[in-house]
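Engineer: First, the structure itself, so that you have it in front of you.
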Amino acid sequence: MVRSGEAFFGTSTQLLDRLEWHACCDPRLKQSRKWPKSGSRLSSMLRVAARLLREAGVDIRFDQSLHRTDKRGIRISRSPLDLTKPLAD
């Protein structure tokens, strides 16, 4: 998604739905124990990986509100890669 330049803004459940759509070509992905079963689990996984994703050129932001509702949003887009800093191991 982000590789194609397409940005995402929505809830973690919407992001999980989109990821499941992309993963439909290989059902083993969704059957894996590591595949998130809910939007809240996906959000937790993204928070853990956020620093590494940013270093790899994926800008991820967790917004407190989504369209002035009680839902929290996630914004994912490409960011320029800083080639002067080495990627974390």
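The rows are residues; the columns are (1) under 23 Å from SER79 (Cβ atoms); (2) out of contact with any Asp or Glu (no Cβ under 6 Å at 6 or more places or on another chain); (3) surrounded by 12 or more Cβ atoms within 10 Å (Cβ to Cβ).
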residue: HIS22; (1), (2), (3): yes, yes, no
residue: CYS25; (1), (2), (3): no, yes, no
residue: LEU29; (1), (2), (3): no, yes, yes
residue: MET45; (1), (2), (3): yes, yes, yes
residue: ARG51; (1), (2), (3): yes, yes, no
residue: GLU55; (1), (2), (3): yes, yes, yes
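Engineer: Looking only at region 7-32, which residues are in a helix (DSSP H, G or I) and among the aliphatic types (A, V, I, L, M)?
Structural biologist: Once the filter is applied, which keeps residues that are in a helix (DSSP H, G or I) and among the aliphatic types (A, V, I, L, M), region 7-32 yields LEU15, LEU16, LEU19, ALA23, LEU29.
Engineer: Would you point out which residue out of SER12, SER43, SER38 is out of contact with any strand residue (DSSP E or B) (no Cβ under 9 Å at 6 or more places or on another chain), on the phi < 0 side of the Ramachandran plot and at pLDDT 85 or above?
Structural biologist: SER38
Engineer: Something else now. Which number in (1) touching a residue at least 12 places away in the same chain (Cβ under 8 Å); (2) over 12 Å from ILE74 (Cβ atoms); (3) not in a loop (DSSP other than H, G, I, E, B) marks the one condition that PRO36 misses?
Structural biologist: (3)
The values are calculated or read from the model by the stated rules, or taken from the named source; none is laboratory data. Note that the coordinates shown come from a computational prediction; the quantities given were computed from them, not determined experimentally. No Cβ is skipped: glycine too gets one built from the backbone with ideal geometry, and neighbour counts run over all protein chains shown.
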